[in-house]
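The values are calculated or read from the model by the stated rules, or taken from the named source; none is laboratory data. None of the values given here were measured: they were computed from a predicted structure. Glycine also receives a Cβ, built like all others from the backbone with ideal geometry; neighbour counts cover every protein chain displayed.
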């Protein structure tokens, strides 16, 4: 069997989609943490309002108003975070991110790590693509030795299905 793939090649990443993906993930995490804090603040504010009144219907309305205000503030802060800090951090991460095939290894470089994974450790390739484009998220199941499995994901891959097929072909040839 002849080897038709180059020995070393880079996997194409859509930088804008990568930034959008990671900024959204950071905004969701930020919003979840902020929502917990805002819910506690809403309960505290509702207690202050209830202590000063004698009406029986006011606690329900004040709780609804406090929780609604907290939800609106959390949503707005999450959107603001995504557009500012989340976008900045994701663009830094996109600048440093690189995925390539080097011989019998898949190499993934990002801000925090530089990993080389042998194709023998990769068990399964899955693509989660968007319906409106050919950009997708590549998810690979690996064996880390023994019974332990882990998942490695590479977001915003251009030509996701073709890239998955190419990686599977390289995997079969270089194993």
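Numerical summary
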item: Search result, residues across segment 161-175 that are surrounded by fewer than 16 Cβ atoms within 10 Å (Cβ to Cβ) and without any contact (Cβ under 8 Å) to a residue 40 or more places away in the chain; result: 161, 162, 165, 172
item: Complete set of residues in segment 84-96 that are farther than 17 Å from residue 29 by Cβ and crowded, with 20+ Cβ neighbours inside 10 Å; result: 94
item: The one condition in (1) surrounded by 13 or more Cβ atoms within 10 Å (Cβ to Cβ); (2) within 19 Å of the chain's Cα centre (by Cα); (3) at pLDDT below 85 that residue 158 fails to fulfil; result: (3)
item: Hits in segment 22-48 - residues which are within 15 Å of residue 90 (Cβ to Cβ) and buried (at least 18 other Cβ atoms within 10 Å of the Cβ); result: 22, 23, 26, 27, 30
item: In segment 114-123, the residues that are loosely packed, with under 15 Cβ neighbours inside 10 Å and either under 17 Å from residue 173 (Cβ atoms) or modelled with pLDDT under 85 (or both); result: 118, 120, 123
